[in-house]
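Engineer: Structure below; questions to follow.
The values are calculated or read from the model by the stated rules, or taken from the named source; none is laboratory data. Predicted model only: the values in this text are computed from it and were never measured. Please note: Cβ atoms are built from the backbone with ideal geometry, for glycine as well, and neighbour counts cover all protein chains shown. With ligands, DNA and RNA removed, areas are computed over all heavy atoms of the protein, side chains included. Shrake-Rupley method; radii C 1.70, N 1.55, O 1.52, S 1.80 Å.
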Amino acid sequence: MAINRAQLAKELEPGLNALFGMEYSRYENEHAEIFDNETSDRAFEEEVMLVGFGEAAVKQEGSAVQFDTAQESFTARYSHETVALAFSLTEEAVEDNLYDTLSARYTRSLARSMAYTKQVKAANILNNAFSTAGGDGVSLVNTAHPTALGGTFSNRSSTDADLNETSLEQAMIDIAAFIDERGLKIAMQGRKLIIPVNIQFVADRILNSTLRVGTSDNDINALRNMGMLPEGYTINHYLSDTDAYFIKTDATNGFKHFVRAPLTTGMEGDFDTGNMRYKARERYSFGFSDPRCVYGSQGS
């Protein structure tokens, strides 16, 4: 249904001093702090986890060398969604508007809605990290990710705890103990802390204090002194759990944002009614391939 003059009655009357309600600042592109951007030219993208070789065996003199095999493990699929929104203005509403160009004002609002939706969809990967299954059949953050040959690994604290010095130090230890699909230890490190706005002050004190936080001891802040989490912390205002936190690691092929069709806008007039129609549209997907890209806790 087109926006008509009855819905814009005050904008058609002399004496109006200001129009407000659609000019707020917004939290923009917070997804870029988490996801790596890639482009796509198909309906979906798939990424396959490969299984390499295991530990080498000792070869006895004169005996045959032992052969190992490689294989594929699980597949992560990114199914692109089409996100679109439109509005229409009657011919009379455009003609009689006294104060501003209606189309320009509502086009800005259209862009704001599209941007908001993108941030929500990106944050939902973490909002659902403890419940929605990924390519390996369990949730993104889980204590028992299956490996190809029957073992498991964990990227979640064994006992959920609020963000503090102790829990963050334990997270660094746990990340350093990550294994690959064959159970071999891998050199992985935490790079960035991802938090909701509610614990931003806690994060800042933990990472940026010179000495230990909340104690009378004159000890150094080991996390800061050792250069842990070199990219610091980032606040995501779209995270729904007020005390959950996540650590993005340096794993390759982790969080990904595939762009199938970038944001485009269109405008056309309807011959029969004279209404002007405006549309915004884009296609993309958010997801993850290797769950080793993150470590998380739901808080206590």
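Engineer: Would you work out what percent of the accessible area of the chain, with all protein chains in place, is carbon or sulfur (probe 1.4 Å)?
Structural biologist: Numbers: 8210 of 16790 Å².
With neighbouring chains kept in place, the figure for the chain is 49 percent.
Engineer: What value in Å³ per residue do you get for the convex hull of the alpha-carbon atoms in segment 229-269? Walk me through the intermediate numbers first.
Structural biologist: On the way: hull volume 6.4 nm³, N = 41.
Taking only Cα atoms, segment 229-269 has a hull volume of 156 Å³ per residue.
Engineer: Only Cα pairs under 8 Å and at least 6 apart count here; give the relative contact order of the chain as a rounded whole percent. Numbers along the way, then the final one.
Structural biologist: Working: 545 pairs, mean separation 74.6, N = 300.
Reported as a whole number, the value is 25 percent.
Engineer: Check each of the trypsin sites (Lys or Arg not before Pro) in segment 52-142 and keep only those in coil by DSSP with at most 12 other C-beta atoms within 10 angstrom; list them in order.
Structural biologist: Details: sites: Lys59, Arg77, Arg105, Arg108, Arg112, Lys118, Lys121; in loops: Lys59.
Listed in order of number, the matching sites are Lys59.
Engineer: Using DSSP to call loops (not H, G, I, E or B), can you name the chymotrypsin sites (Phe, Trp or Tyr not before Pro) in segment 193-282 whose Cβ has at most 10 other Cβ atoms within 10 angstrom?
Structural biologist: Values: sites: Phe201, Tyr233, Tyr238, Tyr245, Phe246, Phe255, Phe258, Phe271, Tyr278; in loops: Tyr238, Phe271.
Within segment 193-282, the qualifying chymotrypsin sites (Phe, Trp or Tyr not before Pro) (loop, at most 10 other Cβ atoms within 10 Å) are Phe271.
Engineer: Cα extents of segment 89-181 along the three principal axes, largest first, in whole Å?
Structural biologist: So the three principal-axis extents are 69, 34, 18 Å.
Engineer: Place a +1 charge on the Cβ of each Lys and Arg in segment 159-210 and a -1 charge on the Cβ of each Asp and Glu, then give the dipole magnitude about the Cα centre in debye, rounded to the nearest 20. Numbers along the way, then the final one.
Structural biologist: Numbers: 5 positive and 8 negative charges, 45 e Å.
Here the size comes out at about 220 debye.
Engineer: As a test of the formula, what do you get for the chain when each DSSP H run with n ≥ 4 contributes -39,500 (n - 2.57) and the sum is divided by the residue count, at 222 nm and rounded to the nearest 500 deg cm²/dmol?
Structural biologist: On the way: 5 runs with 57 residues, N = 300.
The helix contribution divided over the chain gives -6000 deg cm²/dmol.
Engineer: Right, here's the next one. Taking only protein heavy atoms and a 1.4 Å probe, what accessible area per residue, in Å², does the chain have with all protein chains in place? Intermediate values should be presented prior to the final figure.
Structural biologist: On the way: 16790 Å² over 300 residues.
In whole numbers, the chain has 56 Å² accessible per residue.
Engineer: Ok, one more. With a ≥ b ≥ c the root eigenvalues of the C-alpha gyration tensor of segment 26-157, is it rounded (a/c under 1.5), prolate (a/b larger than b/c) or oblate? List each step's numbers first, then the result.
Structural biologist: Values: a/c = 4.53, a/b = 3.30, b/c = 1.37.
Taking the square roots of the gyration eigenvalues as a ≥ b ≥ c, segment 26-157 is prolate.
Engineer: Same structure again: With just the Cα atoms of the chain, tell me how far they stretch along each of the three principal axes, in Å, largest first.
Structural biologist: 95, 57, 26
Engineer: Sequence neighbours fewer than 8 away in the same chain don't count; with that in mind, list the lysines whose C-alpha is under 28 Å from Lys185.
Structural biologist: By straight Cα distance, Lys185 reaches Lys59, Lys248, Lys256.
Engineer: Could you name the lysines in cross-link range of Lys279, using Cα to Cα under 26 Å and dropping any fewer than eight places away on the same chain?
Structural biologist: Lys10, Lys118, Lys121
Engineer: Going through segment 46-144, which GluC sites (Glu not before Pro) have at most 13 other Cβ atoms within 10 Å and a DSSP loop state? Working shown, then result.
Structural biologist: Values: sites: Glu46, Glu47, Glu55, Glu61, Glu72, Glu81, Glu91, Glu92, Glu95; in loops: Glu55, Glu61.
Those that pass, being in a loop and sparsely packed, are Glu55, Glu61.
Engineer: Relative to the Cα centre, what is the charge dipole magnitude of the chain, using +1 at the beta carbon of each Lys and Arg, -1 at the beta carbon of each Asp and Glu, and rounding to the nearest 20 debye?
Structural biologist: On the way: 27 positive and 42 negative charges, 16 e Å.
My answer is approximately 80 debye.
Engineer: Per 5 Å bin, what percent of the C-alpha pairs of segment 233-300 does each bin hold, from zero upward?
Structural biologist: Spelled out bin by bin, segment 233-300 gives 4, 12, 13, 15, 14, 11, 8, 7, 6, 5, 4, 1, 0 percent.
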